[in-house]
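Structure first, commentary second.
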Amino acid sequence: MNIAVFASHGGSDLQAIIDGCKNNMIEANVSVVISNNGSSMALQRANNENIPSYHLSAKKSGSEEALAVEILDVLEKYNIDMIFLAGYMRMLHISILEKYDNRIFNIHPALLPKFGGKGMYGMNVHTAVIEAKEKETGVTIHRVSAEYDSGEIVAQTTVPVLENDTPEELGARVLEREHEFLVEVISDIANGKICLG
């Protein structure tokens, strides 16, 4: 199975997926990495692993439509079976969602449907969880639809919220579990336990 990973910043989730493939925990390959941020660590990580990588953005392409065409060309070139959004801070164009229907997955650092939607990413999520006095949070992997964080949930795992947690402490604990969980769930997708529609 050929996986495309989209990432905007640090790429630590990307690294977890790459390592999972290298250690045979995931029966698949990260075949290409796409980032909308030319200076993202994700592109650097891809480079370090000799994985083809592309900086593609609407700003460079001139429009969202032109960007979608470029992305679709890259996905076709590498015979992509599945797309994983690992901290990708852009909505995908409808043409990509339609072509890869049920084959695009996103990771969210909370238990959806709580704490999802526009603007709910990174520390914003962990701050909201603490302010809501939740006893647990976690990680959700869901299919991507045309609305933020609203696609079918395929897997969730919980992480405790400790008394006196700061958003940073909670975020670090969630991220640690996120890296393990990503590998577990993508492995289930690669071996057919979670179907690609």
Out of every Cα pair in segment 1-62, what percent are spaced more than 18 Å from each other? 29 percent
Surrounding net charge for ARG45, when Lys and Arg each add one and Asp and Glu each subtract one, Cβ distance under 12 Å: -3
From the helices alone, meaning DSSP H stretches of at least four residues, give me the mean residue ellipticity at 222 nm for the chain, per-run term -39500 (n - 2.57), in deg cm²/dmol to the nearest 500. -12000 deg cm²/dmol
To the nearest 10 degrees, how steeply does helix 12-22 sit against the main Cα axis of the chain, on a 0 to 90 scale? 70 degrees
For segment 2-190, averaging the sequence separation of alpha carbon pairs under 8 Å that lie six or more residues apart and dividing by its residue count, the contact order in percent is 22 percent
Neighbour cut-off at most 12 other Cβ (10 Å), DSSP loop, trypsin sites (Lys or Arg not before Pro), segment 164-197: LYS193
Cα-based Rg/(2.2 N^0.38 Å) for segment 83-125, rounded to two decimals, is 1.24
Net charge, ILE80 excluded, C-beta distance under 15 Å - Lys, Arg +1, Asp, Glu -1: -3
Rounded to the nearest angstrom and ordered from largest down, what semi-axes does the equivalent ellipsoid of the chain get from its C-alpha gyration tensor (root of 5λ)? 26, 18, 16
Given R₀ = 30 Å, what would the calculated FRET efficiency be for SER63 paired with THR157, taking r from the Cβ atoms and rounding to 0.05? 0.20
So what's the net charge close to ASN23: Lys and Arg +1, Asp and Glu -1, counting the other residues with Cβ under 15 Å from its Cβ? -4
Of LEU170, SER39, ASN24, whose Cα points farthest to the positive end of the dipole of the chain (charges on the beta-carbon: +1 Lys, Arg; -1 Asp, Glu; origin at the Cα centre)? SER39
With the dipole of segment 2-190 defined by +1 on each Lys or Arg Cβ and -1 on each Asp or Glu Cβ, the option from ALA4, SER63, ILE96 whose Cα lies farthest towards the positive pole is SER63
Can you spot the lysines whose alpha carbon is less than 30 Å from LYS59's alpha carbon? Ignore those fewer than 8 places along the same chain. LYS77, LYS99, LYS118
Please report, in cubic angstrom per residue, the volume enclosed by the convex hull of the alpha-carbon atoms of segment 73-170. 98 Å³
Charge dipole magnitude, Cβ of K and R +1, D and E -1 - the chain, Cα centre, debye nearest 20: 300 debye
Tell me, how many Å apart are the Cα centres for segment 130-197 and for segment 55-94? 24 Å
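The numbers here are math on the coordinates, done by the rules we state, and not lab data. All values reported here derive from a predicted model rather than from experimental measurement. We place every Cβ from the backbone using ideal geometry, glycine too, and count neighbours over all the protein chains shown.
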